[in-house]
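*Asks:* Input: one structure, supplied below.
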Amino acid sequence: MMSVANESQSKFVDISVPAWGWVALLAVIVSMLLFDILVLHRRAHVIHTKEAAIESAVWVGIGLSFTLVMWVAFERAAAVEYISGYLIEQSLSIDNVFVWAMIFTHFKVPRESQHRTLFWGIFGALVMRITFIFLGVAVITRFNIVMIGFGLFLIYTGVKVLRSGDHDTNPSDTRAMKIFHRFVPTSDELDGQKLFTKINGVRIATPLLAVLVVIEISDLVFAVDSVPAVLAVSREQFIVFASNAFAILGLRALYFLVADLKDRFVYLKTAISVILVYVGAKMIVTYWRHVPTVLSLGVIVATLTIAIVASVVHDRKH
């Protein structure tokens, strides 16, 4: 049985990425982050729908265009694995966006201060993802049977997402927040976009630092779902990280675009659930037999398309 599993494992692309390739990818990511925070959003301002739509289109365009880079630099199969991983990560990130909206609403964070907070949240998410990816690939390579465990976990998560409904939780009631407030002195008022401020000569945290902690915790939770999901379509660390990174980079613009439209896209949660269940089942089946990544790409695209079209039709009727 192990030989069958190893044969299935070999169906994924195996590319050799030179050190300068990793350096170039990280340099591009860091450059885009710096340009975004130092040029586009140097001054705090309210991001309206038009600006968010333009930025979202640019970020998605960058993420999709990297597919061509993978095709030219390596091969068609590598490009297919990348775009499949990118679409999985992008679709699963929708739930993350709605969670951010709940967090900002709960802590009453002004819209002009939200982008800077999300910038540091995205930075932390990238660090967590690359750590999870290298650990995940190493574990699967050494102990291939854990694919079944990952698959069952994704199926369980998909079913849980479908049955969870829209019940909001109070971020302040989490154990992490209680520990944070116990050890970190925090003011009751914001000081612009600052994470720390001085009151009576004493440096203490502002509520934005607490918000950032909650966002990072939510990113950690979503990483536990999304990284195994992307590992179902690729085992190449470079491809998995690139697909995660380019999807995450566009989350801030996506947040300002769709955070207020949760009630209009009523079938997106169902689509996310279907994708998680499918990817989990694929990961289990892959232990014995390889499932073509092109098939997974088709299922993901079809699921998202049906959910969006159905949501638009439902919104027009109601």
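The values are calculated or read from the model by the stated rules, or taken from the named source; none is laboratory data. Just so you know, these numbers come straight off a predicted model, no measurement behind them. Cβ atoms come from the backbone with ideal geometry, glycine included; neighbour counts cover every protein chain shown.
*Asks:* Return the only residue of SER296, SER218, SER243 being polar (S, T, N, Q) and under 15 Å from ASP95 (Cβ atoms).
*Replies:* Result: SER218 is the single residue among SER296, SER218, SER243 that is polar (S, T, N, Q) and under 15 Å from ASP95 (Cβ atoms).
*Asks:* Sort through ALA79, ALA101 and tell me the only one that's surrounded by 20 or more Cβ atoms within 10 Å (Cβ to Cβ) and assigned to a helix (DSSP H, G or I).
*Replies:* The unique qualifying residue is ALA79.
*Asks:* Between LEU118, LEU126, which is under 21 Å from the mean Cα position of the chain (by Cα), within 14 Å of VAL227 (Cβ to Cβ) and in contact (Cβ under 8 Å) with a residue 24 or more places away in the chain?
*Replies:* Just one listed residue meets the conditions, LEU126.
*Asks:* Can you pull out the residues in the range 110-130 that are surrounded by fewer than 17 Cβ atoms within 10 Å (Cβ to Cβ) and farther than 17 Å from VAL30 by Cβ?
*Replies:* Passing the criteria: PRO110, ARG111, GLU112.
*Asks:* List pairs: first in the range 44-59 and in a loop (DSSP other than H, G, I, E, B), second of a type in the set (Ser, Thr, Tyr) and modelled with pLDDT under 85, Cβ under 7 Å, 6+ apart or cross-chain?
*Replies:* ALA44/SER113
*Asks:* Inside the range 154-264, counting only helices (runs of 4 or more DSSP H) that do not spill past its ends, which hold 3 or more residues that are at pLDDT below 80, surrounded by 12 or more Cβ atoms within 10 Å (Cβ to Cβ) and touching a helix residue (DSSP H, G or I) at 6+ places or on another chain (Cβ under 9 Å)?
*Replies:* 175-183, 207-231
*Asks:* Only one of these is without any contact (Cβ under 8 Å) to a residue 12 or more places away in the chain and closer than 30 Å to TYR287 by Cα: VAL221, VAL227, VAL240. Name it.
*Replies:* On inspection, the qualifying residue turns out to be VAL221.
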